[in-house]
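Structure record follows, encoded as structure tokens.
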Amino acid sequence: MKLRVACQIDYECPENIPLILMLRPQSGAAQQILNEDFSFSPDTTFSEYKDIYGNLCQRLVSPIGSFRIQSSALVETSDNIDVNLAARALSIEKLPDFTLIYLLPSRYCESDRFLYMADEITQNFQTGYARVDAICQWVRSNVVYEYGNSSSSSSACDINLSRIGVCRDFSHLCIALCRAVNLPARMVVGYLYGLKPMDLHAWFEVYLENQWFTFDATQVEPKGNRVVLAYGRDASDVAFATQFGNIFLNNLHVSVERAL
């Protein structure tokens, strides 16, 4: 399916503030960028680089006053995500080097504190995919999806205690549980067609049998038509905007529409 995705951010900047953005999608295995528009109002110069996870980052200094960022793209996406209940987990000694960082505890995914819990959830499942699926089902059944009860500082441990959160929190808890049973897991942020309410979305991927599989504990059925913006260990690596100073967010508008 072809999707038109767009994000508009309106800031009020009392001073010149350095910013790092992750708002431009790249072509990859499940998405092809057909055309794209990225602009600032007022017009502002920026530079780009790729971070250690391969994400395309935009670096700039905001003007003083009202500042608008607009990003849109026409993307050919995959209608489905790979589902393979027989997919096995690789033993650690056979994992590729680039996956090893996704076995370690991180800022929001304290996997070393979930060893017993993760083993209890997954002990009756034989394959890697089935264990991840069991983790998703457990999180979906035990954590309430609701806005306003978690914050940008909430971690997997916090959500496990409160049992309430949003997509970011569901992903953090799933990632921590996966890593606790030696399954490399990374966070993904981007767009999801049909998401209600519409917003930028977070899910996760797990490395099994030499490929990354997509999982999303907020969705009852596997869904494709996703547009990836960034990958990382957790939310600290994939923020759509990181500011280094006082800046005020006035509006964030996200849209994902089918392009005919």
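Readers should treat all values here as calculations from the given coordinates under stated rules, not as data from a laboratory. These numbers come from a predicted model, not from an experiment. We place every Cβ from the backbone using ideal geometry, glycine too, and count neighbours over all the protein chains shown.
Quick look at the numbers
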item: Two-site label geometry, Val220 and Glu36: point separation in nm, points 7 Å out along Cα→Cβ; result: 3.6 nm
item: Max mean-square fluctuation residue, GNM over the chain, Cα-Cα springs under 10 Å, options Phe244, Phe215, Phe114; result: Phe244
item: Within the chain, longest stretch free of exposed trypsin sites (Lys or Arg not before Pro) [DSSP loop, at most 15 other beta carbons within 10 Å]; result: 164-260
item: Integer Hz, Karplus 6.51/-1.76/1.60 couplings in order for region 199-216, x for Gly and Pro; result: 6, 5, 10, 10, 9, 8, 10, 10, 8, 9, 6, 6, 7, 8, 9, 8, 9, 8
item: Size of electric dipole in the chain: Cβ of Lys, Arg +1 and of Asp, Glu -1, about Cα centre, debye, nearest 20; result: 200 debye
item: Environment charge of Ala118, counting only residues whose C-beta is closer than 13 Å and scoring Lys/Arg +1, Asp/Glu -1; result: -1
item: Only Lys, Arg (+1) and Asp, Glu (-1) charged, at Cβ; region 1-118 dipole about Cα centre in debye; result: 220 debye
item: Extension gain from Met1 to Glu120, taking 0.36 nm per residue of separation minus the Cα-Cα distance; result: 38.9 nm
item: Note, ³J(HN,Hα) from phi for region 27-38, Karplus 6.51, -1.76, 1.60, rounded to Hz, x at Gly and Pro; result: 5, x, 4, 10, 8, 10, 7, 8, 7, 7, 9, 9
item: Mean ellipticity per residue at 222 nm, deg cm²/dmol - from DSSP H runs of n ≥ 4 across the chain, formula -39500 (n - 2.57); result: -5000 deg cm²/dmol
item: Contour minus Cα-Cα distance for Ile164 and Phe248 (0.36 nm per residue); result: 27.6 nm
item: Gaussian network model of the chain, Cα within-10 Å springs - most flexible of Pro14, Pro105, Pro184; result: Pro14
item: Dipole moment magnitude, nearest 20 debye, region 92-237 about Cα centre, only Lys, Arg, Asp, Glu C-beta charged; result: 200 debye
item: Pairwise Cα inverse-distance average, inverted: Kirkwood Rh of region 115-260 (Å); result: 16.0 Å
item: Listed residues Glu209, Glu93, Glu146, most fluctuating in the chain (Gaussian network, C-alpha, under 10 Å); result: Glu93
item: Virtual paramagnetic centre 7 Å along Cα→Cβ of Glu48, amide N under 17 Å, in region 213-234; result: 228-231
item: Reachable lysines, given that their alpha-carbon falls under 18 Å from the alpha-carbon of Lys223 and they are not under 8 places away in the same chain; result: Lys2, Lys196
item: Karplus-derived HN-Hα couplings along region 183-196 (A = 6.51, B = -1.76, C = 1.60, θ = phi - 60°), whole Hz, x at Gly and Pro; result: 10, x, 9, 10, 8, 10, 10, x, 10, 10, 5, x, 5, 9
item: DSSP bridge pairs, the chain: antiparallel proportion in percent, nearest 5; result: 95 percent
item: Sites Asn80 and Leu56 - FRET efficiency at Förster radius 25 Å, r taken between beta-carbons, to 0.05; result: 0.50
item: Radius 11 Å from Cβ of Arg226, net charge of other residues (Lys, Arg +1; Asp, Glu -1); result: -2
